[in-house]
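Student: Let me give you the structure first, and then I'll get to my questions.
The values are calculated or read from the model by the stated rules, or taken from the named source; none is laboratory data. As the structure is a prediction and not an experimental result, all values here were calculated from the model. Here the Cβ is made from the backbone with ideal geometry for all residues, glycine too, and neighbour counts use every protein chain on show.
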Amino acid sequence: MSKKDVHFKVKELKTDIGVFKDLEVSIGRVFEETWLEQLGPTPYPSITDLREWDLRLLERYKPFYMPYCDVCCLCTMGKCDLSRGKRGACGLDIEDQQSRVVLIACCIGASTHASHARHLVEHLIGKYGRESLIDVGGLNVEVEAPITRLICGIRPKSLGDLEDALDYVETQLVHLLSATHTGQESSELDFESKVFHAGMLDHLSLEVADIAQVSAFGFPKADAEAPLAELGFGTVDASKPVVLVIGHNVPSAIGVVDYLNAHKLYGEVEVAGICCTAHDMARYDPKAKIVGPMSYQLRFIRSGVSDVIVLDEQCIRTDTLVEAQKTGTPVIVTSEKNLAGLKNRTGDAADEVVEELVYGKVPGVLILDPDLVGEVAVKTAMKVAPRRAKLKVIPSVEEVKAGAAKCTKCYECLRACPNGLPVMEALAEAERGNLERLADLYESCIGCGRCDNACPVNLPLHSFIVKAAEKKLREEKYKIRVGRGAIQDVEIRDVGSPIVLGEIPGVVAFVGCSNFPAGGREVAEMAEEFAKRRYIVTTSGCSAMAMGMYKNGEGKTLYEAYPGAFKAGGIVNVGSCVANAHIAGAAIKIANIFAKRNLRGNYEEIADYVLNRVGAVGVAWGAMSQKAASIASGCWRLGIPVIVGPQGAKYRRMLLGRKDREKEWYVHDARTGDSVYVGPVPEHLFSTAETKEEAMVMIAKLCMRPNDTSKGRAIKLTHYIDLHKRFYGVMPDDVHLYIRRATDIPITMKDEILAALKEKGWKENVIPDPTLLPRLIRKREKP
Amino acid sequence: MRRAEPWQKAEIPGPEKALVITRPEVVTAMIKRAKRPLLILGYESAKLDLGEEKLIDYAIKLAESVNIPMVATGHTVSELTKRGFQHAAFMPAVDIANRLRDPDWKGLDGLGQYDLVLVTGLRYYLAWVMLSGLKHFADKVKTISLDRFYQPHASWSFPNLPVDEWHSYLIDILKSLGG
């Protein structure tokens, strides 16, 4: 472990070379001497340490800005009109402003994960001690913290060691955010470099949070056969008292589970969760139920099934207290980040607080002690359940029909819906007695409730949809493999070679939120397609839940039909949002364990390795949040392309390569020093797909890397061309750009491709040992 | 309906808003005057009804009427091929927008950048941000949204229109182009 900020003073020091008086020594950090791996060039990198790498990436993948609006309204000199090249009062132009907003978003995202990690580490140190050991996979995981090793140059051994990493993250985030103040950074590319820095810090925070909780809470440790848990609205037994937990930061939910177990109440009381807290609660105890992704909040609260709601942090609906009051459900908030205006009862006796909640003297309370949360939540649920008799605000069928008759056909619901769902037309059908069309909207509905708010006659339209789909909801009973955490070192050894050589065609990560353009089923369909094609499919967060809410022809979910191992054809649920660290970590570990590259403070070289050799692609099909933006930006700096759904274009800038510009696709051959054209691989660093079909073609294409062997490239091309022909109905028009040698051509498509190559005047090229870093060239060209 | 305000109401664009197409002849004149027009067609065009046919069928007729080159986004090209139309280039929506903002791009045919871009059949919000990118960074390119709903980041757009009226406008444009 490193020790930071060593500072000492010596009044008088006598040595062989002389006497020193009033000697004062200050050292930024002292690094562990027992770790033999050489310290790389950028431990704890500052904002500028990796700037050259960022600018190399941004030279190839130039930002394309798509401003949401023409103005800046962040200071009192504004609003400033930045349209068509105008500059604002501070001198900023529209490109600067867009990149600045992206940086603000990524700082929000990274801060959220850093704050989550800090809270967890402090909580766990308080509970288990600073010396409590990091253990994410026993002997199967020697590289326990690849991101921390890579960025910080340290090997964390205990919970206390993680504080150093968080100190670094917090300091850097302050610097980054300060750059967004009026009159600071003036270059859009330097804003973008800072975006990458925020993303890297985000990944570090994710890793700290997850390895801390895996170690201390005893979650599955790199277990490919982690248990299956119940998933879906219909799995919750509404006849029992129900505690609903929502959010991302699990200690309070664990307080509930611990209380139930300690008092042998599991079975009498249901505990169910929404969003990542549910993931982590099921990792702690797979008896806990997972209701679904974040889009399920409003529908589940309104269903009246929950008898108490425990909120922690991140992606929780901020109108939960308002909604809960409609069903008479008490709320317990548990995080400093959402105090909800409620009185702090942390110091009060549990029974006193329970009494007030049960009898409705207060709508909710703030409790910052997870154990007390557990006691209060369970006791409240048990007492309140018979009293409130599962009061729900979901209307009856007759009420839906009567409500539909009041519709003024104003289109406001349609105009408010992020996906433009035809709510008004469905309501017209409901008025005629047919609720089918309302029910059809259910699967595409992201549960935001904007239609309710837009309706001028105050129809609870979201509740109408939920009522119409009531049967579907009750039938939602699935299995999900709980988050396994890290990838084992031995798994990396097994797949490292076929991934780097291209014989496993890629690693595809379906991650992120549930703001899906056409329902979560699309994620399941994409995941299954790539698992069948023997890609390694990884997943986390809301996407991992959405993926589980789909059964194949044999009535099995993907988690039952496919293995959970990190191997070709596996579907690997790593866990909650913070467990995304293990996906990036796997790419890093391939460079380290398989290719023997040093990790320690060696970011640039490893990112160069990943970009050029590891065919990994992130897909955030329902990306919504600032956290999703910062996770993606961590991938970009590491050389992993990310695809978002069409709504992801609202992140307002893409990082796009130009395959038609040959000069942008040259790399150094590390063996010879030659500059070699490798084709547009990967073509983009951040792009959006309009349809799931386009996304699938894009995934296959973005898995190609300069280092692919001919055999590997032929396999990757086979998938790309096959998907393209299936979904586009024609051959791709750019195959010639991906064929370096005749041996790259898939044998079954030889005639067709040779004809295309001839038409394009294709010439054979070499396959280099690719790098973008001149310092990695082993033999230089002769002058 | 029939208002020149963003269809998704919160999508407030700022000071620069699209001019409203009040007469179809405006579109016809702009297409005829353009030296290098381009039609961008999104996948929603295969789902949207337009009278007895789909929007994509109309787009094919429009492209054929005055030989406007077409870029199909998403996997729209599959629907074009099914209909026997084989002259469309295809690429993601953000890729074609990214090329259109590059003054040095040689176009699909190698003959240079385009001066008029017609956009239709994309999801409302995707067209919104794409047109914004063009508004700000492709100052030589004029854009026309042919969709039913007002797109404020275009140079020209229909107001929010009832289906019948929109259909009628589109048919008038086609007729006046000889289609």
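Student: Return the residues of the stretch A:99-110 that are away from chain B (no Cβ under 14 Å) and of a type in the set (Val, Ile, Thr); say none if nothing qualifies.
Tutor: The answer is A:ILE104, A:ILE108.
Student: Between A:ALA404, A:ALA340, which is under 30 Å from A:PRO456 (Cβ atoms), more than 14 Å from chain B (Cβ to nearest Cβ), modelled with pLDDT of 95 or more and in a loop (DSSP other than H, G, I, E, B)?
Tutor: From the options A:ALA404, A:ALA340, the qualifying one is A:ALA340.
Student: Taking A:GLY496, is it part of a loop (DSSP other than H, G, I, E, B) and under 25 Å from the mean Cα position of the chain (by Cα)?
Tutor: Against the criterion (part of a loop (DSSP other than H, G, I, E, B) and under 25 Å from the mean Cα position of the chain (by Cα)), A:GLY496 does not qualify.
Student: Checking the condition without any contact (Cβ under 8 Å) to a residue 40 or more places away in the chain and surrounded by 22 or more Cβ atoms within 10 Å (Cβ to Cβ), which residue from A:MET294, A:MET281 passes?
Tutor: A:MET281
Student: Applying the selection to the stretch B:59-76, what residues are in contact with a Ser or Thr (Cβ under 8 Å, 6 or more places away or on another chain) and on the phi < 0 side of the Ramachandran plot?
Tutor: Result: B:ALA59, B:HIS75, B:THR76.
Student: Find the residue count for the stretch B:4-22, including only residues that are basic (Lys, Arg) and more than 8 Å from chain A (Cβ to nearest Cβ). Give the derivation first.
Tutor: Step one: filter the stretch B:4-22 for residues basic (Lys, Arg), giving B:9, B:17.
After this cut, where a residue has to be more than 8 Å from chain A (Cβ to nearest Cβ) as well, the list is B:17.
Within the stretch B:4-22, residues that are basic (Lys, Arg) and more than 8 Å from chain A (Cβ to nearest Cβ) number 1.
Student: Another one. Can you tell me which residue within the stretch A:542-570, out of those that are among the small types (Gly, Ala, Ser) and outside any loop (DSSP other than H, G, I, E, B), is surrounded by the most Cβ atoms within 10 Å (Cβ to Cβ)?
Tutor: A:ALA544
Student: Looking at (1) buried (at least 24 other Cβ atoms within 10 Å of the Cβ); (2) more than 27 Å from A:GLN626 (Cα to Cα), which one does A:HIS263 not meet, given that it meets all the others?
Tutor: (1)
Student: Which pairs do you get when a residue that is among the acidic types (Asp, Glu), found in the stretch B:1-22, comes within reach of a residue that is assigned to a loop (DSSP other than H, G, I, E, B), reach meaning Cβ atoms under 7 angstrom, with the pair 6+ apart or on two chains?
Tutor: The qualifying pairs are B:GLU5/B:TYR150; B:GLU16/A:ASP70.
Student: Given the options B:ASP104, B:ASP109, name the one that is within 11 Å of another protein chain (Cβ to nearest Cβ) and among the charged types (D, E, K, R).
Tutor: Within the list B:ASP104, B:ASP109, the selection yields B:ASP104.
Student: Right, another one. Of the residues A:GLY657, A:GLY639, which single one is more than 19 Å from the chain's Cα centre (by Cα), more than 22 Å from B:ALA46 (Cβ to Cβ) and not basic (Lys, Arg)?
Tutor: A:GLY657
Student: Checking the conditions here, which among A:LEU368, A:LEU414 is at pLDDT 95 or above, closer than 18 Å to A:LEU311 by Cβ and aliphatic (A, V, I, L, M)? Explain how you work it out, then say what you get.
Tutor: On the way: A:LEU414 fails: closer than 18 Å to A:LEU311 by Cβ.
Just a single option satisfies the conditions, and that option is A:LEU368.
Student: Any idea which of A:VAL423, A:VAL365, A:VAL378, A:VAL393 is surrounded by 23 or more Cβ atoms within 10 Å (Cβ to Cβ) and closer than 17 Å to A:ASN458 by Cβ?
Tutor: Checking each option against the conditions leaves just A:VAL423.
Student: If you don't mind, there's one more thing I want to ask. Give the stretch B:112-127 a look and list any residue that's in contact with a Gly (Cβ under 9 Å, 6 or more places away or on another chain), more than 9 Å from chain A (Cβ to nearest Cβ) and not in a loop (DSSP other than H, G, I, E, B), or say none.
Tutor: Selection gives B:VAL119, B:THR120, B:ALA127.
Student: I want to confirm something. Restricting to the stretch B:23-57 and keeping residues that are in contact with a helix residue (DSSP H, G or I) (Cβ under 6 Å, 6 or more places away or on another chain) and in a helix (DSSP H, G or I), which single residue is nearest to the other protein chains (Cβ to nearest Cβ)?
Tutor: For the stretch B:23-57, the residue satisfying everything is B:TYR43.
Student: What about B:SER168, is it polar (S, T, N, Q), surrounded by fewer than 20 Cβ atoms within 10 Å (Cβ to Cβ) and not in a loop (DSSP other than H, G, I, E, B)?
Tutor: yes
Student: In addition: Can you tell which of A:VAL378, A:VAL384, A:VAL373, A:VAL397 is more than 30 Å from A:ARG432 (Cα to Cα) and over 33 Å from the mean Cα position of the chain (by Cα)?
Tutor: Among A:VAL378, A:VAL384, A:VAL373, A:VAL397, only A:VAL384 is more than 30 Å from A:ARG432 (Cα to Cα) and over 33 Å from the mean Cα position of the chain (by Cα).
Student: Among the residues of the stretch A:722-736, write down those that are over 29 Å from the mean Cα position of the chain (by Cα), under 19 Å from A:GLY506 (Cβ atoms), surrounded by fewer than 22 Cβ atoms within 10 Å (Cβ to Cβ) and not charged (D, E, K, R).
Tutor: A:PRO732, the sole residue that qualifies.
Student: Among the residues of the stretch A:1-22 satisfying the criterion of being modelled with pLDDT of 75 or more and in contact with a Lys or Arg (Cβ under 9 Å, 6 or more places away or on another chain), which is nearest to A:GLU604 (Cα to Cα)?
Tutor: A:VAL10
Student: Let me ask another. For A:ARG56, only one of the following conditions fails: (1) away from chain B (no Cβ under 14 Å); (2) of a type in the set (D, E, K, R); (3) touching a Cys at 6+ places or on another chain (Cβ under 9 Å). What is its number?
Tutor: Among (1) away from chain B (no Cβ under 14 Å); (2) of a type in the set (D, E, K, R); (3) touching a Cys at 6+ places or on another chain (Cβ under 9 Å), A:ARG56 violates only (3).
Student: Out of the residues in the stretch A:682-737 that are of a type in the set (A, V, I, L, M) and more than 14 Å from chain B (Cβ to nearest Cβ), which is farthest from A:SER630 (Cα to Cα)?
Tutor: A:ALA714
Student: What are the pairs with Cβ atoms under 6 angstrom where one residue, in the stretch A:506-530, is without any contact (Cβ under 8 Å) to a residue 60 or more places away in the chain and the other, located anywhere, is outside any helix (DSSP H, G or I) and aromatic (Phe, Trp, Tyr)? Sequence gap at least six, or different chains.
Tutor: If the second residue must be outside any helix (DSSP H, G or I) and aromatic (Phe, Trp, Tyr), the pairs left are A:ALA524/A:TYR550; A:ALA527/A:PHE510.
Student: Going by the conditions given, is B:LYS140 among the charged types (D, E, K, R) and assigned to a loop (DSSP other than H, G, I, E, B)?
Tutor: yes
Student: Count, please, the residues in the stretch A:742-764 that happen to be surrounded by 13 or more Cβ atoms within 10 Å (Cβ to Cβ) and not in a helix (DSSP H, G or I).
Tutor: 3
Student: Same structure again: Can you name the residue in the stretch A:74-98 that is within 10 Å of chain B (Cβ to nearest Cβ) and either part of a loop (DSSP other than H, G, I, E, B) or touching a residue at least 60 places away in the same chain (Cβ under 8 Å) (or both) and is also surrounded by the fewest Cβ atoms within 10 Å (Cβ to Cβ) among such residues?
Tutor: By that ranking, first place goes to A:LYS86.
Student: Is it the case that A:ARG155 is within 26 Å of A:ALA198 (Cβ to Cβ) and either crowded, with 18+ Cβ neighbours inside 10 Å or not assigned by TED's automatic domain parsing to the domain that holds A:ALA595 (or both)?
Tutor: yes
Student: Please give the number of the condition A:ILE593 fails out of (1) in a loop (DSSP other than H, G, I, E, B); (2) within 25 Å of the chain's Cα centre (by Cα); (3) surrounded by fewer than 24 Cβ atoms within 10 Å (Cβ to Cβ).
Tutor: Evaluating A:ILE593 over (1) in a loop (DSSP other than H, G, I, E, B); (2) within 25 Å of the chain's Cα centre (by Cα); (3) surrounded by fewer than 24 Cβ atoms within 10 Å (Cβ to Cβ) leaves (1) as the failure.
Student: Working carefully through the options A:ARG299, A:ARG317, find the one that is among the charged types (D, E, K, R) and surrounded by fewer than 22 Cβ atoms within 10 Å (Cβ to Cβ).
Tutor: Being among the charged types (D, E, K, R) and surrounded by fewer than 22 Cβ atoms within 10 Å (Cβ to Cβ) holds for just one of A:ARG299, A:ARG317, which is A:ARG317.
Student: Would you check if there is a residue in the stretch B:84-97 being polar (S, T, N, Q), within 10 Å of chain A (Cβ to nearest Cβ) and not in a loop (DSSP other than H, G, I, E, B)?
Tutor: no
Student: What number of residues within the stretch B:64-83 are within 10 Å of chain A (Cβ to nearest Cβ) and under 23 Å from A:THR688 (Cβ atoms)? Can you show your working first?
Tutor: Initially, the stretch B:64-83 is screened for residues within 10 Å of chain A (Cβ to nearest Cβ), giving B:72-82.
Next, only the ones that are under 23 Å from A:THR688 (Cβ atoms) stay: B:72-80.
Residues meeting the conditions: 9.
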